[in-house]
Amino acid sequence: MPDPLHHATLPHALAAHARTSPDRLLYRFLPTGDDPAATWTFADTDRRARAVAQQLLQRSARGRTVLIAHPAGPDFVAAFLGCLYAGAIAVPLLPPRLNAGPRRPAAERFAAIVNSAQPALLMAPAAAAAPLAHAAGRPDLPHLTPDTPDLQPADLPLPDPTDLACIQYT
């Protein structure tokens, strides 16, 4: 009998828990600034990740790098898990403060990572997506924002455990 706690990938585990414990709390996001507190169950998280994955697949992101420039919070979680579901290679990165000037080390590091990763897509907050692409020297870089209308999540094939899932620049 297979071990019920062993899953090949994070999407495999999330999908299994969404089926067996859909209403169980998975994330609680505490309020920051104007953002209200939010809670996501396994089913909520699975649905949101699949909706992002569907958008990524429509943009041919499978097997390609996708830069995730969201601050910590619900949009980051949905973006990261969506990349995993879509078979895209997540490149999580804290975005630089763009009003700090173009020669700041964080902006230079951001541009260097974008140059190295060669992302097919940028996932970022709506107000930051175009300025971040421009700051990275890639003003034409397509972007997906959380404001993009939600699609109904589709059944997706789960990723292969041998596929590259994430590149973390340190």
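Per residue, the average separation of C-alpha pairs within less than 8 Å and at least 6 apart gives the chain a relative contact order of 24 percent. For the chain, the dipole from Cβ point charges (+1 on Lys and Arg, -1 on Asp and Glu) about the Cα centre works out to 420 debye, to the nearest 20. Helix 126-135 axis versus longest C-alpha principal axis of the chain: approximately 50°, rounded to the nearest ten.
Within the stretch 20-129, the trypsin sites (Lys or Arg not before Pro) that combine a DSSP coil assignment with at most 13 other C-beta atoms in a 10 angstrom radius are Arg24, Arg97, Arg103. For the chain, the solvent-accessible area with a 1.4 angstrom probe is 57 square angstrom per residue. Taking every DSSP helix (H) stretch of at least 4 residues in the chain, weighting each as -39,500 (n - 2.57) and dividing the sum by the residue count yields a mean residue ellipticity at 222 nm of -12000 deg cm²/dmol. Computed about its Cα centre, the charge dipole of the stretch 7-96 is approximately 380 debye, with only Lys, Arg, Asp and Glu carrying charge at their Cβ. How far, in degrees from 0 to 90, does helix 42-58 lean away from the longest principal axis of the Cα atoms of the chain, to the nearest 10? Once rounded, the angle reads 50 degrees. Distances between placed amide hydrogens fall under 5 Å for Met123 paired with Leu67, Ile68, Ala69, Leu144, all partners being 5 or more residues away or on another chain.
The values are calculated or read from the model by the stated rules, or taken from the named source; none is laboratory data. Computed from a predicted structure; not experimentally measured. With ideal geometry, Cβ positions are generated from the backbone for all residues, glycine too; neighbour counts draw on all protein chains shown. Just so you know, the surface numbers come from the protein's heavy atoms only, side chains and all, with ligands and any DNA or RNA stripped out. Shrake-Rupley method; radii C 1.70, N 1.55, O 1.52, S 1.80 Å.
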